[in-house]
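Bear in mind that the values in this text are calculations on the coordinates, not laboratory data. Since the structure is predicted, the reported quantities are computational estimates derived from the model, not experimental observations. When we count neighbours, we look across all protein chains shown, and the Cβ atoms used for this are built from the backbone with ideal geometry, even at glycine.
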Amino acid sequence: KDSKNFAQRHMDDLTSDDPNVVAEARGRTIVGIGVFTSAYTLAESGNITGAGPTDPGTRAAWLNAGNQPYSIQYADKQWVSYQRMDPFAMHLGMVADL
């Protein structure tokens, strides 16, 4: 079982005969969907950023507008970097870059 990839192990858990294993797998799925949806909503609203534009001129304008790469914006409009919050930060950055 250890040599199976994550997706296969997850599918095995979802189809297990043990109701506790199935419940835990469903919980992981629901939490994953919730985290992704929350991060996507924050990115769409501009309250979470990824790397930002790569074009130097566009990037300069983006930074001058007050944006900060790989950061979360709070209600008071201050940006706080999430770069050092791995492994959580990796997922936020991927969604924000999308």
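Counting only residues that are in a helix (DSSP H, G or I) and either among the hydrophobic types (A, V, I, L, M, F, W, C) or touching a His at 6+ places or on another chain (Cβ under 9 Å) (or both), how many does the stretch 73-95 have? Full working, then the answer.
First, pick out the residues of the stretch 73-95 that are in a helix (DSSP H, G or I): 88-95.
With the extra rule that they be either among the hydrophobic types (A, V, I, L, M, F, W, C) or touching a His at 6+ places or on another chain (Cβ under 9 Å) (or both), the set shrinks to 88-90, 92, 94-95.
Adding up the residues that qualify gives 6.
In the stretch 34-72, what count of residues is obtained for those that are more than 16 Å from LEU98 (Cα to Cα) and either surrounded by fewer than 14 Cβ atoms within 10 Å (Cβ to Cβ) or free of Cβ contacts under 8 Å to residues at least 12 places away in the same chain (or both)? Spell out how you get there, then give the answer.
Filtering the stretch 34-72 for residues more than 16 Å from LEU98 (Cα to Cα) gives 34, 55-68.
From what is left, the residues that are either surrounded by fewer than 14 Cβ atoms within 10 Å (Cβ to Cβ) or free of Cβ contacts under 8 Å to residues at least 12 places away in the same chain (or both) are 34, 55-66.
Residues meeting the conditions: 13.
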